[in-house]
Amino acid sequence: MSNLPALVAELDNYGAVRARLGADRLGVDLWLPPTLAAALAVESRARTRLRAELDARRLEVVTLSGAPFAEGGGEPPTDAAAQPDSGAQLDAGARSGAGVEPSWTEPARREYTLDLARILLDLLDADAVRGAVSTIGLGPRPGWAEAADKASLGILRRLSAGLADLAWQNGRAVRVGFQPAPGLVLDTPEQTVAAMSRMDRERLGVCLDLGHVARSWPDPAGGIEALTDAGLSVIEVRLAAVPGGTTEPWRTALRQVFGAAGPLTEYLTLQSRGPGQTPEQIAADVAYLLAELAALGLAPEVETCPVR
């Protein structure tokens, strides 16, 4: 449990962000390395301590990140998160690196994800009916052949069974969102639909990085529509605080996600600019996101609590 004190210390920064924003509550999307996740999954007292530390800072958790897997890095950064009906939620956990091992051909990925689901169920507020865990887009496309596809489908079936069992035991559900990214089995809308059409759509869906969508998909809005037309759930959406040259496609995708028909997702993730940010910088990023949402006609559900 050596990493728990470091995580608790990181929560102090987000407590300071909450205070700076004047918010009653602030949501955080935690990344827990595998060794810490494995320990927390079996030690109820440690989970109780973590929940108490969150409560003391008026922080709440509805999502956990399962990427990277390796201690100290190993996959592309995935940072902060938010609930679109009530504002923005932030990440507490630095990430670096570019690998994706282990992929979803290996049981270790499933066990790590189920550990995160077990932990999340104890961290959710009492009135929350479900939460989400994000993960990689299955694995690297180079070398992904029929044997890898078959192995991953078997592991994903067991993941679904594990999630169903946890829901039965706890009365609340955890869903898993797979994030398309360059070089992964899940990348383009067509590849994502093809790969996920054979999965359990009740418990497994897509985690969309709007930066990737804006940069790589020729028609971001059409690509998102292709996912939903295929019956895939957009479990989580991620976006950067400073989109740069992709600003307009990024906004187009955001409008598609939160259109007139209602939001396509429950969780909106604000990706921070990396480790070492001050509470002032993080609060400014949240303000930027809220301004973008307001420009689309979206606003926090409770005006006195702009960020959750």
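Here is how the numbers come out for the structure above:
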quantity: Region 107-161-region 202-236 distance, computed between alpha-carbon centres (Å); calculated: 18 Å
quantity: Sum of side-chain charges, PRO182 neighbourhood, beta-carbon under 11 Å (Lys, Arg +1; Asp, Glu -1); calculated: 0
quantity: Fraction of alpha-carbon pairs over 18 Å apart in region 1-53 - percent; calculated: 35 percent
quantity: Of the trypsin sites (Lys or Arg not before Pro) in region 141-189, those whose Cβ has at most 15 other Cβ within 10 Å and which sit in DSSP loop; calculated: ARG172
quantity: Taking N as its residue count, the alpha carbon Rg of region 128-228 over 2.2 N^0.38 Å; calculated: 1.12
quantity: Where GluC sites (Glu not before Pro) fall in DSSP loop in region 115-213, at most 14 other Cβ within 10 Å; calculated: GLU202
quantity: Charge sum, other residues only, whose C-beta stays under 9 Å from ARG18's C-beta, Lys/Arg counted +1 and Asp/Glu -1; calculated: +3
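Laboratory data are not the source of any read-out in this text; all were calculated from the coordinates shown. This is a predicted model, so every value here is computed, not measured. Glycine also receives a Cβ, built like all others from the backbone with ideal geometry; neighbour counts cover every protein chain displayed.
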